[in-house]
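The values are calculated or read from the model by the stated rules, or taken from the named source; none is laboratory data. As the structure is a computational prediction, the values presented were derived from the model and not from experiment. Please note: Cβ atoms are built from the backbone with ideal geometry, for glycine as well, and neighbour counts cover all protein chains shown. Surface areas here come from the heavy atoms of the whole protein model, side chains and all, with no ligands, DNA or RNA. Shrake-Rupley method; radii C 1.70, N 1.55, O 1.52, S 1.80 Å.
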Amino acid sequence: MTYKTSILLADDHLLFISGLSTLLAEEQNNYDIFVAHDGNMVLQMVSDQQPDIILLDIGMPGIGGMEVLKYMNRVYPAIKIIMLSSYNDAHLIEKARRAGASGYLLKNCSIEELQRAIADVMEGKLSFPPIVHLPEHNAYTNPIAQQFNLTKREIEIIQLIKEELTNKQIADKLFLSLFTVETHRKNIMHKLKLNSAVSLMKFILDFKL
Amino acid sequence: MTRRIAHDIMPPEFEKTEFNQLLSAYFNRLSSTGNIRFHFIADEIDGYFTKQQTLMIYRILLELSTNIVKHSKATEATIQLNSYDDYIEIMVEDNGIGFDLSTCKKGMGLRNIESRILFFHGSHAIDSGESGTTIIITLPTQRHDL
C-alpha cells in the first residue's frame with residue numbers, strides 16, 4: 001500500500017479551498033486532504049490528524065497565517081508548512097522563510113507547480129519563488145541599515161552626527177527643517193533602541209558607521 | 001461627476017489582509033509600474049486603532065503617495081510608519097521639486113489628509129525645500145488590548 005501524504009489545507013476563502021481540495025483529492029495524487037478555515041481550526045486539526053504538510057494561507061483573519069507558522073515551527077517542527085499567498089512580495093516571502101516555512105506558493109500557480117512543491121518539501125527540500133526584485137530596503141547595501149530598518153536619510157544624518165554637527169547644522173546642510181532633523185534623530189534612537197547621545201556615538205563607533 | 005465618499009467604503013481586501021502586507025504590495029506595485037522608487041518601512045500598528053481608523057491611515061498614505069507620483073517629479077520616496085507608546089508617526093519623504101505652501105493651492109487631496117488628521121486629533125508638519133519634501137504626521141493612539 002503506497003504512502004499517502006496527508007495535507008491540511010488552511011484558507012478562509014471557502015470557494016478556493018473547496019476547489020483546491022477537490023483537485024488534490026483526485027485518486028492518482030495519493031494525498032489525504034483535510035480542510036481548515038481559520039487559525040483555530042488549524043491548531044485543533046493538527047493535534048487530531050497529524051498532517052505531513054500544511055498549505056497555509058497567509059491572510060487568514062483572527063490568528064493569522066504568520067502566527068500559526070511561528071507556533072507550528074516551535075511546537076510541531078516536523079510538520080512542513082507551505083505558505084499560500086496572493087502577493088509575490090519579497091518582504092513577505094523572506095519573513096515566511098525566516099519564520100520556518102518550507103515553501104511559499106502564489107495562489108495563481110498551476111496545479112503542477114503545487115504538486116511539485118509538495119513533492120519537494122516532502123523530500124526535505126525548500127520551495128520558494130525566485131527573487132523577482134530585492135526587498136526595498138536591500139537597496140541600501142549597509143547591513144546595519146538593513147538590520148535596523150534605517151533609511152538612507154537616517155544613515156546620512158548618522159554620518160553627520162558622527163562628524164559632530166549640531167542639529168541646526170545638519171538641517172542647513174541637508175536643506176531640511178530643524179524639526180525634520182530632530183524627528184529623524186528621535187527615530188534613529190528608537191530604531192537602534194538607544195536613549196542617549198553618548199550611546200548613539202558609541203554605537204556609531206562600535207559599528208564603524 | 002459624483003465623487004465617492006471615500007471613507008465609507010472599505011475595500012474587500014482590507015478586511016482580510018494584514019495592513020502592512022497590503023501597503024507593502026501597494027508600494028511594490030507603484031515602484032514597478034512608475035518612475036519613482038518607493039521604500040516602505042513600517043512597525044506593526046494593528047491593535048492600536050479600530051479597523052475604521054486603520055482604513056483612514058491607509059487612505060492618508062495612498063493620498064500622499066498619489067501626490068508624490070503626480071506632482072513631485074521625484075525619483076525616490078520613503079514611507080515610514082513608526083510606532084511609539086502614545087502615538088504613531090507617519091513620515092513621507094520624496095526627493096522631488098518640493099512645493100511652496102504659500103502659493104500652492106490646496107487640492108482636494110491635501111484637504112482630505114488634513115481633515116483625517118484632525119479626526120485623529122493628530123498633527124502634521126510639512127517641510128519642503130531644495131532636497132525635496134518631508135511630511136511628518138503624528139497620530140495619537142488608543143491601545144486596544146487584544
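Each row is one residue, and each column tells you yes or no for (1) at pLDDT 90 or above; (2) within 14 Å of chain B (Cβ to nearest Cβ); (3) surrounded by fewer than 17 Cβ atoms within 10 Å (Cβ to Cβ); (4) closer than 30 Å to B:Ser32 by Cβ.
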| position | (1), (2), (3), (4) |
| --- | --- |
| A:Lys4 | no, no, yes, no |
| A:Ser18 | yes, no, yes, no |
| A:Tyr31 | yes, no, no, no |
| A:Ala36 | yes, no, no, no |
| A:Pro51 | yes, no, no, no |
| A:Ile54 | yes, no, no, no |
| A:Leu69 | yes, yes, no, yes |
| A:Ile82 | yes, no, no, yes |
| A:Ser102 | yes, no, no, yes |
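For region A:172-202, give me the residue count where each residue is modelled with pLDDT of 95 or more, exposed (fewer than 14 other Cβ atoms within 10 Å of the Cβ) and not in a helix (DSSP H, G or I).
The qualifying residues number 0.
In region B:114-140, which residues are within 7 Å of another protein chain (Cβ to nearest Cβ) and crowded, with 20+ Cβ neighbours inside 10 Å?
Within region B:114-140, B:Asp127, B:Thr134, B:Ile136 meet the criteria.
Per-residue answers, yes or no, for (1) within 11 Å of chain A (Cβ to nearest Cβ); (2) assigned to a strand (DSSP E or B); (3) polar (S, T, N, Q):
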site	(1), (2), (3)
B:His39	yes, yes, no
B:Ser65	no, no, yes
B:Lys70	no, no, no
B:Met91	yes, yes, no
B:Arg111	no, no, no
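Condition check: at pLDDT below 90, in contact with a helix residue (DSSP H, G or I) (Cβ under 8 Å, 6 or more places away or on another chain) and open to solvent by 20 Å² or more (accessible area, probe 1.4 Å). Does B:Phe49 satisfy that?
no
Under 8 Å by Cβ, and 6 or more places apart or on different chains, what pairs join a residue from region B:85-101 that is farther than 18 Å from A:Lys152 by Cβ with one that is of a type in the set (A, V, I, L, M) and modelled with pLDDT under 90?
B:Ile88/B:Ile45
Mind checking which residues of region A:56-67 are at pLDDT 85 or above and within 13 Å of chain B (Cβ to nearest Cβ)?
Residues satisfying the conditions are A:Asp57, A:Ile58, A:Gly65, A:Met66, A:Glu67.
List the pairs whose first member sits in region A:158-169 and is modelled with pLDDT under 90, whose second member is part of a helix (DSSP H, G or I), and whose Cβ atoms are under 7 Å apart, counting only residues at least 6 apart or on separate chains?
From residues that are modelled with pLDDT under 90, there are no pairs.
Examine region B:76-88 for a residue that is open to solvent by 70 Å² or more (accessible area, probe 1.4 Å), at pLDDT below 90 and either within 12 Å of chain A (Cβ to nearest Cβ) or within 22 Å of A:Ser85 (Cβ to Cβ) (or both), and state whether such a residue exists.
yes
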